[in-house]
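Asker: Below is the structure I would like to discuss, written out as structure tokens.
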């Protein structure tokens, strides 16, 4: 995997947590701790992102092609009440 350097702002709690990971030997550096946190976060969020992506694709297809079934009209609803 290729890595790139990016600049991000993170809150103090995240910095303290990363520093604690280093102190506890869970990471060799703050950078490594933050990379681990991001990597785990990506794994955790992957299912949510995939689901949202599928919903977006369906909505876009409906916008282009229309809904693939006929919705009931007011007349249909009135007829079913009888």
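No lab work stands behind these numbers, since they all come straight from the coordinates. Every value quoted in this text rests on a predicted model; they were computed, and no experiment measured them. Note: ideal-geometry Cβ built from the backbone for every residue, glycine included; neighbour counts use all protein chains shown.
Asker: Using a simple spin-label model with points 7 Å from Cα along the Cα→Cβ vector, what separation in nm is obtained for residue 16 and residue 71?
Answerer: My value for the distance between the label points is 5.0 nm.
Asker: Compare 43, 63, 52 in a GNM of the chain, Cα atoms joined below 10 Å, and give the one with the largest fluctuation.
Answerer: The residue that fluctuates most here is 63.
Asker: So how much slack lies between residue 62 and residue 36, counting 0.36 nm per residue of separation and subtracting their Cα-Cα distance, in nm?
Answerer: Contour length minus the Cα-Cα distance gives 5.5 nm.
Asker: Against the longest principal axis of the chain, how steep is helix 30-65, in degrees 0 to 90 to the nearest 10, with axes from Cα atoms?
Answerer: Around 10 degrees separate the two axes.
Asker: Within 10 Å of each residue's Cβ, count the other Cβ atoms and sort 34, 71, 24 from fewest upward.
Answerer: With the sparsest Cβ surroundings first, the list reads 71, 24, 34.
Asker: Moving to a separate point now. Can you tell me what the convex hull of the Cα atoms of the range 12-68 projects to on average, as an area in nm²?
Answerer: With every direction weighted equally, the projected area is 5.3 nm².
Asker: Sticking with this one: Arranged by the count of other C-beta atoms within 10 angstrom, fewest first, what order do 15, 42 take?
Answerer: 42, 15
Asker: Where does helix 12-23 land angle-wise versus the long Cα axis of the chain, in degrees 0 to 90, nearest 10?
Answerer: So the inclination is approximately 50 degrees.
Asker: Another one. Taking neighbour Cβ counts within 10 Å as the exposure measure, how do 29, 3 sort from fewest upward? Walk me through the numbers before you get to the answer.
Answerer: Numbers: 29 12, 3 6.
Ranked by crowding around the Cβ, least crowded first: 3, 29.
Asker: GNM on the chain, C-alpha springs below 10 Å: top fluctuator among 30, 44, 64?
Answerer: 64
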